[in-house]
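Quick notes on the structure that follows.
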Amino acid sequence: MGWQARQHIRRLTDPDVSTGRLETILRAAIEGHDNPLATADLARARAAANYLDEQQFGHSWLEQLTLRPFHYRVRFHEFREALKSNF
């Protein structure tokens, strides 16, 4: 899964675009202006969050079989800790 994840992220992102956006934002901050890309950045961040929520258990059934038990084990641990802190 690690190699496939790296390939997937490389298909989704472009380092040159990210660097250019960061330079634009930093230049605006140095000059005392608002981020000219704020609306587009917010839209991209929301789209990325939605995508990650949809894919949190992977793309295939095999990935889901691997990831779901760990997810529920962590959530159960958090639930038990919350119960302990309430008493």
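The values are calculated or read from the model by the stated rules, or taken from the named source; none is laboratory data. Worth saying up front: this structure is predicted, and the values here are computed from it rather than measured. All Cβ positions, glycine included, derive from the backbone under ideal geometry; neighbour counts span all protein chains shown. Each accessible area value is taken on the protein alone, full model and side chains, heavy atoms only, with ligands, DNA and RNA left out. Shrake-Rupley method; radii C 1.70, N 1.55, O 1.52, S 1.80 Å.
Using a 1.4 Å probe, what is the accessible area per residue for the chain, in Å²? Counting only protein heavy atoms, the per-residue value for the chain is 88 Å². Carbon-plus-sulfur accessible fraction, the chain (probe radius 1.4 Å, protein heavy atoms only): 60%.
With a Förster radius of 22 Å applied to the beta-carbon distance between Phe70 and Trp3, the computed FRET efficiency rounds to 0.65.
Per residue, the chain reaches -27500 deg cm²/dmol at 222 nm when only DSSP H runs of four or more residues are counted, each adding -39500 (n - 2.57). Could you tell me which residue out of Gly20, Asn50, Tyr72 lies farthest along the dipole of the chain toward its positive end? Charges go on the beta carbon: Lys and Arg +1, Asp and Glu -1, centred on the Cα centre. Going by the Cα projections, it comes out as Tyr72. Computed over the chain, the P(r) tail beyond 14 angstrom holds 78 percent of alpha carbon pairs.
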